[in-house]
Amino acid sequence: MKTFSDNAGRTWTVTVNVDAVKRVKSLLSVNLLEAVDGKLLEKLIGDPVLLCDVIYAVCKPQADAQKISDEDFGRAMAGDAIELATTALLEELCDFFPLARRTLLRKALTKLKKLESMALASAQNRLDSPELEKIFRETLNEMAPGEAQTAASTIGNSSGSLPDSSASIQAR
């Protein structure tokens, strides 16, 4: 059994067994047994709302005992709480399967985490690239003066100071 804490400070115990698998399938039409092929893992990791619904369904007996609705549960799930709950669910799901499937599922999880890490690193590199600022500046220069000011003020001045548009220079 794995545990996590939500943003309201409540500790939840995640237990994946036949009862939990049946409950998730009944309440959400999500078959946790499909996790072995990897597609369900991608779907859960890519959809935090569905993921939280699945976790709530798995933890529903605890929630019922504490009189916590799915809405109350959802309100306490954001940021790190989702990551902790995801880890607890996925590890518990791995442990549910017999050895051969467990090994396959752990391999799929490792691969998925590696791909996610690579995607985040790639996005970070693109955001840090001076090329992004260059493209942004070129786009602003191609816009009409009023559009450029609106775009710049909407985005903010977080990338350093932008050159004044010709309209603002003439207005001085």
If you average the sequence gap of Cα pairs under 8 Å that are 6 or more apart and divide by the length of the range 2-96, what percent do you get for the contact order? 43 percent
Ranking of 143, 1, 77 by count of other Cβ atoms within 10 Å, fewest first: 1, 143, 77
Could you pull out the trypsin sites (Lys or Arg not before Pro) across the range 46-107 that fall in loop regions by DSSP (anything but H, G, I, E, B) with no more than 10 other Cβ atoms inside 10 Å? 67
With respect to the cross-link table entries 22/111; 43/111; 43/107, which display a Cα-Cα separation exceeding 20 Å? 22/111
Kindly identify the range 2-96 as rounded, prolate or oblate by the Cα gyration tensor criterion: order the square roots of the eigenvalues as a ≥ b ≥ c, call it rounded if a/c is under 1.5, otherwise compare a/b with b/c, prolate if a/b is larger, else oblate. prolate
For a test of the definition: using alpha carbon positions, the gyration tensor, and the 1.5 limit on a/c, classify the range 72-144 as rounded, prolate or oblate. oblate
When 55, 135 are ranked with the fewest other C-beta atoms within 10 Å first, the list becomes 135, 55
Give me 140, 120 sorted ascending by neighbouring Cβ count inside 10 Å, so fewest comes first. 120, 140
Given H placed 1.01 Å from N in the peptide plane, which residues other than close sequence neighbours of residue 17 have an amide H under 5 Å from its amide H? none
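Here, each number is a calculation from the coordinates, and none is a lab measurement. Everything numeric in this text was worked out from a predicted model, so none of it was measured. So basically every Cβ, Gly included, is an ideal-geometry build from the backbone, and we count neighbours across all protein chains shown.
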